[in-house]
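**Q** Please read through the structure below; I'll follow up with questions.
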Amino acid sequence: MSRNPTPGFRRLPRVADRMTAAHFDLVKQSLAAERSGDAARALELHSSVPALNLRSRHHVLLAQLAALGDHVPEWVWARWMAYQAIRCEDPGSETGQAQRLALKYAIETFHGDQLADCHADGGDPVRVVAWVASESWLFHQVLVHELGGLERFVDELATGRLAEHAELARSWVGARLGGYQVGASLPSGRLRVHDPAAGSWLEVLDLGARSDAGDEGWVLGRLVPSAVDDLLMFDTPPISVPETVARDVAESPQPWMRIKEALDEGRLVERRFMRADHELVTDVLSIDLLRIGTAPTDLERVTAQLRSGRDEIPRAAFRILRRAADGDMLQSDASHVAAAVLQPRARADARRMLVREGQYDVWARWAALVHEPARGLLLDFAEACRAAG
C-alpha cells in the first residue's frame with residue numbers, strides 16, 4: 001500500500017513522512033467534509049492532525065468559512081468550489097487530471113525559469129512544483145477556467161450542501177480573462193471598473209479589489225456573476241499589471257499569448273503572479289490588512305515578526321476595527337473594515353472590547369456600506385451595542 005495515498009500530499013513530502021495511517025484517514029475525512037460543504041467539520045478534522053501547520057493558508061481559510069456558520073453568500077460558495085478544484089489531485093478523476101495538465105502547462109509556459117534555476121542550483125524541483133501549485137495565479141486561472149477545473153469539480157466531486165450551491169459556480173464557466181482599470185469605491189458597496197474592451201465603466205461588487213490594483217490601478221481578472229443585485233465581481237482577487245499589459249489583454253482574442261509575450265519581453269516578471277494569500281471571503285489580501293492596520297513607523301518591525309512566525313494579521317485586523325469604531329477610517333475604506341471583521345480572532349476581540357453602549361450607529365453605518373457576510377457580522381456588533389444600553 002502506498003505510504004502517501006491521500007490527495008494533496010504529493011507536494012508536501014516532508015509532511016507525509018510524519019503522517020501515520022490514522023492521520024491520513026483524518027485528512028481524507030477532512031477532504032470529504034470540505035467537498036460536502038461542511039467547513040466546521042473539515043476544520044475540526046484538519047486541526048486534529050499534528051503534522052499539519054495550523055497557520056497554513058488552508059487552515060486559515062477553513063477557519064474563516066467555519067466561523068460564518070450558515071451565513072455563507074452564494075459567491076463565497078462558488079469561490080470555495082474553485083479553490084477546492086485547485087487543490088484536487090485525486091488520481092483517476094477528471095478534475096485531478098486537469099489539475100496536473102494545468103500545472104505542467106503553467107510551469108513550462110510561465111515558470112520555466114524557476115525550474116531551470118532549481119536544476120542549475122541542484123535544488124529540489126518538487127519545491128518549484130509546490131510553489132506554483134500553491135501560489136501561481138496563472139496556474140489557478142488556467143486550471144479553473146481554461147481547462148474547466150471548476151466545472152469538472154462541481155460535476156464530479158462536490159456533494160451535499162456544496163453541490164446544492166453549485167448554480168452560481170456553473171454560471172462562471174466561460175467568463176473571459178480581461179484587463180481592467182479599477183476606479184473608486186462608491187457608498188453603495190460598489191466599485192467602479194473600466195473595461196477597455198467595451199469602452200465603458202461598470203459598477204461591480206466591491207470586495208476590496210482597489211487594494212490589489214497597485215499604483216497604476218490596472219489589473220488582470222475575470223468578472224463573473226455575484227448573485228448580489230445583478231452585480232458582477234472578480235472571480236478571485238485580481239492581479240496588478242501595467243496599463244499597457246492590461247489593455248493588450250483586454251483587446252486580444254488570445255489573452256494568454258499577450259501575457260506570455262509580456263513575460264518574455266520583460267514587461268512583466270513571473271513573481272508578480274505568485275500570491276501566498278489566497279482569499280475566499282474578500283478581495284483584500286491579508287498582507288494588505290497588515291499594511292493598512294499598522295502604523296508606518298511600526299510596519300518594518302511588525303512585518304519582521306510576521307515572517308518569524310508570529311500571527312500578526314488578526315492583530316492588524318483588530319486595529320482596523322478599533323479605528324473604525326473611533327471614526328478614524330474613511331468611508332471609502334469600508335472594504336478594509338469588512339475584511340478585518342471577517343478575521344475570526346479579530347472579530348472576537350472586537351466583540352469583547354469595542355462593542356460599547358452608544359455605538360449602535362457607528363457599526364450600523366459600516367454595515368450599510370458592505371455586503372454579506374461582513375454586513376451581518378457588523379450588524380451583530382451594532383445589536384450588541386443596543387443590548388449593552
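**Q** Suppose we filter Glu34, Glu74 for residues that are of a type in the set (D, E, K, R) and either crowded, with 21+ Cβ neighbours inside 10 Å or in contact with a strand residue (DSSP E or B) (Cβ under 6 Å, 6 or more places away or on another chain) (or both); which single one remains?
**A** Values: Glu74 fails: either crowded, with 21+ Cβ neighbours inside 10 Å or in contact with a strand residue (DSSP E or B) (Cβ under 6 Å, 6 or more places away or on another chain) (or both).
Just one listed residue meets the conditions, Glu34.
**Q** If you don't mind, there's one more thing I want to ask. Tell me which residues, restricted to the range 37-55, are touching a Lys or Arg at 6+ places or on another chain (Cβ under 9 Å) and loosely packed, with under 15 Cβ neighbours inside 10 Å.
**A** Correct list: Pro50 only.
**Q** Evaluate the range 56-78: report whether one residue or more is part of a helix (DSSP H, G or I) and among the hydroxyl-bearing types (Ser, Thr, Tyr). Give the steps one after another, and end with the answer.
**A** The initial filter retains those residues of the range 56-78 that are part of a helix (DSSP H, G or I), namely 57-68, 74-78.
Within this subset, residues satisfying the condition of being among the hydroxyl-bearing types (Ser, Thr, Tyr) are none.
No: the range 56-78 contains no residue that is part of a helix (DSSP H, G or I) and among the hydroxyl-bearing types (Ser, Thr, Tyr).
**Q** On to the next question. Just give me the residues in the range 91-116 being assigned to a helix (DSSP H, G or I) and within 14 Å of Glu151 (Cα to Cα), in sequence order. First the steps, then the outcome.
**A** Residues of the range 91-116 assigned to a helix (DSSP H, G or I): 94-109, 112-116.
Matches in the range 91-116: Glu94, Thr95, Gly96, Gln97, Ala98, Gln99.
**Q** Checking Gly37 against (1) of a type outside the set (Ser, Thr, Tyr); (2) touching a residue at least 12 places away in the same chain (Cβ under 8 Å); (3) at negative phi: exactly one of these is not met. Which one?
**A** Condition not satisfied by Gly37: (3).
Let's see how each residue does on (1) surrounded by 15 or more Cβ atoms within 10 Å (Cβ to Cβ); (2) among the charged types (D, E, K, R); (3) under 18 Å from the mean Cα position of the chain (by Cα); (4) within 18 Å of His371 (Cβ to Cβ):
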position: His165; (1), (2), (3), (4): yes, no, no, yes
position: Gly179; (1), (2), (3), (4): yes, no, no, no
position: His194; (1), (2), (3), (4): yes, no, no, no
position: Ser200; (1), (2), (3), (4): no, no, no, no
position: Leu205; (1), (2), (3), (4): yes, no, yes, yes
position: Arg210; (1), (2), (3), (4): yes, yes, yes, yes
position: Val219; (1), (2), (3), (4): yes, no, yes, no
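**Q** Go through the range 188-198 and count every residue that is modelled with pLDDT of 95 or more and more than 25 Å from Val142 (Cβ to Cβ).
**A** Residues that pass the stated criteria total 4.
**Q** Tell me which residues, restricted to the range 371-389, are modelled with pLDDT of 95 or more, part of a loop (DSSP other than H, G, I, E, B) and open to solvent by 10 Å² or more (accessible area, probe 1.4 Å).
**A** Within the range 371-389, His371, Glu372 qualify.
**Q** Check Arg352 against each of (1) of a type outside the set (Val, Ile, Thr); (2) surrounded by 23 or more Cβ atoms within 10 Å (Cβ to Cβ); (3) more than 27 Å from Leu191 (Cβ to Cβ) and name the one condition it does not meet.
**A** (2)
**Q** For Glu94, which of the numbered conditions (1) surrounded by fewer than 19 Cβ atoms within 10 Å (Cβ to Cβ); (2) of a type outside the set (S, T, N, Q); (3) modelled with pLDDT under 95 fails to hold?
**A** Result: Glu94 passes all but (3).
**Q** Just for helices (runs of 4 or more DSSP H) wholly inside the range 236-323: which have at least 3 residues that are surrounded by fewer than 18 Cβ atoms within 10 Å (Cβ to Cβ) and not acidic (Asp, Glu)? Walk me through it before giving the result.
**A** Details: elements: 243-251, 255-264, 286-292, 299-307.
Per the criteria, 255-264, 299-307.
**Q** Of all residues in the range 179-193, how many are more than 16 Å from Glu216 (Cβ to Cβ), part of a strand (DSSP E or B) and small (Gly, Ala, Ser)?
**A** Here is the first cut: in the range 179-193, the residues more than 16 Å from Glu216 (Cβ to Cβ) are 185-191.
From the residues that got through so far, the ones that are part of a strand (DSSP E or B) too are 185-186, 190-191.
Still in the list and also small (Gly, Ala, Ser): 185.
Residues flagged as more than 16 Å from Glu216 (Cβ to Cβ), part of a strand (DSSP E or B) and small (Gly, Ala, Ser) within the range 179-193 amount to 1.
**Q** While we're on this one: Look through Val15, Val27 and report the one residue that is part of a helix (DSSP H, G or I), surrounded by 17 or more Cβ atoms within 10 Å (Cβ to Cβ), modelled with pLDDT under 65 and more than 21 Å from the chain's Cα centre (by Cα). Outline the logic, then answer.
**A** Values: Val27 fails: modelled with pLDDT under 65.
Step by step, each of Val15, Val27 is checked, and only Val15 is part of a helix (DSSP H, G or I), surrounded by 17 or more Cβ atoms within 10 Å (Cβ to Cβ), modelled with pLDDT under 65 and more than 21 Å from the chain's Cα centre (by Cα).
**Q** Now a separate question. What's the number of the only condition in (1) farther than 19 Å from Gln343 by Cα; (2) part of a helix (DSSP H, G or I); (3) open to solvent by less than 30 Å² (accessible area, probe 1.4 Å) that Met233 fails to meet?
**A** (2)
**Q** Right, something else. Taking into account only those residues within the range 181-192 that are within 22 Å of the chain's Cα centre (by Cα) and either over 10 Å from Val370 (Cα atoms) or of a type in the set (A, V, I, L, M) (or both), which is most open to solvent (accessible area, probe 1.4 Å)? Explain how you work it out, then say what you get.
**A** First pass over the range 181-192, keeping only residues within 22 Å of the chain's Cα centre (by Cα): 181-185, 189-192.
Right, trim to either over 10 Å from Val370 (Cα atoms) or of a type in the set (A, V, I, L, M) (or both) and you get 181-185, 191-192.
Working: Gln181: 55, Val182: 18, Gly183: 17, Ala184: 54, Ser185: 26, Leu191: 1, Arg192: 82 Å².
Among them, the one singled out is Arg192.
**Q** Let me ask something additional. Look through the range 324-335, keep the residues that are more than 23 Å from Gly214 (Cα to Cα) and open to solvent by less than 30 Å² (accessible area, probe 1.4 Å), and return whichever of them is nearest to the chain's Cα centre (by Cα).
**A** Of everything passing the filter in the range 324-335, Ala324 is nearest to the chain's Cα centre (by Cα).
**Q** Oh, and also: Condition (residue is open to solvent by 10 Å² or more (accessible area, probe 1.4 Å), among the charged types (D, E, K, R), without any contact (Cβ under 8 Å) to a residue 12 or more places away in the chain and in a loop (DSSP other than H, G, I, E, B)) applied to the range 126-146: is it met by at least one residue?
**A** No, there is no match, as no residue in the range 126-146 is open to solvent by 10 Å² or more (accessible area, probe 1.4 Å), among the charged types (D, E, K, R), without any contact (Cβ under 8 Å) to a residue 12 or more places away in the chain and in a loop (DSSP other than H, G, I, E, B).
The values are calculated or read from the model by the stated rules, or taken from the named source; none is laboratory data. Note that the structure is predicted; figures quoted are calculated from it, not measured. No Cβ is skipped: glycine too gets one built from the backbone with ideal geometry, and neighbour counts run over all protein chains shown. What goes into the accessible areas is simple: the full protein's heavy atoms, side chains included, and nothing from ligands, DNA or RNA. Shrake-Rupley method; radii C 1.70, N 1.55, O 1.52, S 1.80 Å.
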